[in-house]
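Read through the structure below, which is laid out as structure tokens, and then see the notes.
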């Protein structure tokens, strides 16, 4: 009787939890559909925040021992709608809900993207992301993932950016079709679509089939993560879509993809030795994607495009770590545990610093009206608070201690350097993977230094940068919280790592035996490291201020000419040394002469995206030609259409007869 009472109590608490998550957001959707005033828009956004707060409590409820499983009372012909949350999904749901909430708070404070329709779509996106992470049936998972695609497509509308939106929509649905085919096939083999009953289905699927399904799932989710050649939508959509849509797509939606990808490979299908060549292919694809993203970020002129290629590089490193985990799990489970911790921790860290930097750059553009990095500069004096917040985000993206970005990338390097594999092919691959991570880190650090330096330092290069508008009231709050998270997740990284360890052990079946610290070359003490770095910085600042002499103002020598902003080091010049080294990989380069006055001409370096030029445009041209020819059968003659129907019926009857 006592056990029954506990089960009923847990079931009631789980029902209350799911009601607290779904009902406010659903109410926000309904309000947003029928009202249009700004006040109602804020109410709709506030309802989304309430659902986010409920979602943020997921891990704490799970940790309290509550069974967070629920079957929606909405039966369908395709099966039941079931939700079930385990430790790993609870961790990611709570963390993603916090990030989602901070972005929505910025929506309310900035009012740049506010509106009833937009706020209603935000509620829809949150429910779609939550349902996808909590899904316990393939039906809920696939419907939720498709809803994520559809809602982000609708949220990305901003002026005349139809081309960028539709390119995203088409590429995302190519990936979606791969996922539908993979999960429907797995369901047919497993005999059930309940995900909690899928465990190590590889032997039932067969080695070749399992390998093919893993590749399909990686490419399916890779269409949103930006794996080449599916990355073509990212730069233009990042640059043209509302900033909050971009932030959610880059962070929370990526978290969903990584979580389901992890569970699909290590829980549902399982890893077998026969998948080693598939892991090799994924590592090569991820390394190429990371290098491409790092190189492209160095030549972009718009800060949002720099951040787009940054997301591409970071997510590629996460996928690379997951592939390494598949390699390690058979020979060294504890190393697999370490590299998977690095992957999940970096996913979480990326969500923090990327949302921070996207909102920072949006604030810069809103206050100055400038979008080209070549016209920026000098904001550290006019917007000092924004400058401080931005430097924290840049240091985290560049993996500088004691920020969170340093910890996860350091774990990646540790997991690659510490690998001791019997396979000679994989042993040869490890130095290449380490080189890829190192080169990407070097190039991205240069790209981030360029981003911060040419936005906040130096002299203003335009009128908008000289006299920027003040920041909108309250917009700095969510950015300040994210900046503090960048530091807190660096100082207290072991807390997050220990939480992820238990979740990864449960999801992958790795025994809880030796801890991840046992295979590290040194003890990870980020708190001690952070305190040391902070103390050194304080000491240096104190020494500098103590020895600081009386300021003496004098004119800077300008080679005999009057010094102006055009005499500064340009952003293009900053990246040229690395661009020249990697120039052959960038595709065609053109020099365009922009004619102005007779004595004033500008040379502009333009880099084309080879994947768009040599892959997507030819495919689009072929599809257009085929569509045009197929369209000719639409004669408008009803007799012709009856003929088509008769021919189809005859063919169908013959096919049934033959079968």
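The values are calculated or read from the model by the stated rules, or taken from the named source; none is laboratory data. Keep in mind that this is a model prediction, so the values were computed, not measured. Cβ coordinates were reconstructed from backbone atoms using ideal geometry, including for glycine residues, and neighbour counts include every protein chain displayed.
Scan the stretch 614-644 for residues that are surrounded by 10 or more Cβ atoms within 10 Å (Cβ to Cβ) and farther than 30 Å from residue 166 by Cβ and jot them down.
640, 642, 643
Report yes if residue 340 is in contact (Cβ under 8 Å) with a residue 24 or more places away in the chain, within 18 Å of the chain's Cα centre (by Cα), in a helix (DSSP H, G or I) and surrounded by 24 or more Cβ atoms within 10 Å (Cβ to Cβ), otherwise no.
It is true that residue 340 is in contact (Cβ under 8 Å) with a residue 24 or more places away in the chain, within 18 Å of the chain's Cα centre (by Cα), in a helix (DSSP H, G or I) and surrounded by 24 or more Cβ atoms within 10 Å (Cβ to Cβ).
When you check residue 192 against the structure, is it buried (at least 21 other Cβ atoms within 10 Å of the Cβ), more than 24 Å from the chain's Cα centre (by Cα) and more than 20 Å from residue 309 (Cα to Cα), yes or no?
no
Limited to the stretch 401-420, what total is found for residues that are surrounded by fewer than 19 Cβ atoms within 10 Å (Cβ to Cβ) and either closer than 12 Å to residue 347 by Cα or modelled with pLDDT under 85 (or both)?
Residues in the stretch 401-420 being surrounded by fewer than 19 Cβ atoms within 10 Å (Cβ to Cβ) and either closer than 12 Å to residue 347 by Cα or modelled with pLDDT under 85 (or both): 4 in total.
How many residues, within the stretch 380-400, are part of a loop (DSSP other than H, G, I, E, B) and either within 22 Å of residue 439 (Cα to Cα) or modelled with pLDDT of 90 or more (or both)?
3
Regarding the stretch 624-644, can at least one residue be identified that is in contact with a helix residue (DSSP H, G or I) (Cβ under 9 Å, 6 or more places away or on another chain) and in contact (Cβ under 8 Å) with a residue 12 or more places away in the chain?
No, because not a single residue in the stretch 624-644 is in contact with a helix residue (DSSP H, G or I) (Cβ under 9 Å, 6 or more places away or on another chain) and in contact (Cβ under 8 Å) with a residue 12 or more places away in the chain.
Go through the stretch 320-372 and count every residue that is touching a helix residue (DSSP H, G or I) at 6+ places or on another chain (Cβ under 7 Å), modelled with pLDDT under 85 and farther than 30 Å from residue 431 by Cβ.
Within the stretch 320-372, residues that are touching a helix residue (DSSP H, G or I) at 6+ places or on another chain (Cβ under 7 Å), modelled with pLDDT under 85 and farther than 30 Å from residue 431 by Cβ number 3.
Looking at the stretch 455-471, can you tell me whether even one residue there is buried (at least 23 other Cβ atoms within 10 Å of the Cβ) and outside any helix (DSSP H, G or I)?
Within the stretch 455-471, one or more residues are buried (at least 23 other Cβ atoms within 10 Å of the Cβ) and outside any helix (DSSP H, G or I).
Of (1) farther than 17 Å from residue 349 by Cα; (2) surrounded by 24 or more Cβ atoms within 10 Å (Cβ to Cβ), residue 332 satisfies all except one. Which?
(2)
So which helices (runs of 4 or more DSSP H) stay within the stretch 1-118 end to end and still have 3 or more residues that are crowded, with 23+ Cβ neighbours inside 10 Å, under 27 Å from the mean Cα position of the chain (by Cα) and at pLDDT 85 or above?
The helices (runs of 4 or more DSSP H) meeting that bar are 2-34, 38-56, 87-110.
Taking residue 131 as the residue in question, decide whether it is assigned to a helix (DSSP H, G or I), in contact with a strand residue (DSSP E or B) (Cβ under 8 Å, 6 or more places away or on another chain) and either modelled with pLDDT of 90 or more or buried (at least 24 other Cβ atoms within 10 Å of the Cβ) (or both).
When the stated conditions are applied, residue 131 passes them.
Each row is one residue, and each column tells you yes or no for (1) assigned to a helix (DSSP H, G or I); (2) at pLDDT below 85; (3) touching a helix residue (DSSP H, G or I) at 6+ places or on another chain (Cβ under 6 Å); (4) more than 23 Å from residue 348 (Cβ to Cβ).
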residue	(1), (2), (3), (4)
473	no, yes, no, yes
484	yes, no, no, no
488	yes, no, no, no
495	yes, no, no, no
503	yes, no, yes, no
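Can you name every residue in the stretch 151-168 that is surrounded by 18 or more Cβ atoms within 10 Å (Cβ to Cβ) and assigned to a helix (DSSP H, G or I)?
151, 152, 153, 155, 164, 165, 167, 168
As an exercise: evaluate residue 580 against (1) over 30 Å from residue 168 (Cβ atoms); (2) within 31 Å of the chain's Cα centre (by Cα); (3) at pLDDT below 65 and give the number of the one condition it does not meet.
Result: residue 580 passes all but (3).
Regarding the stretch 196-204, can at least one residue be identified that is crowded, with 23+ Cβ neighbours inside 10 Å, touching a residue at least 24 places away in the same chain (Cβ under 8 Å) and in a helix (DSSP H, G or I)?
no
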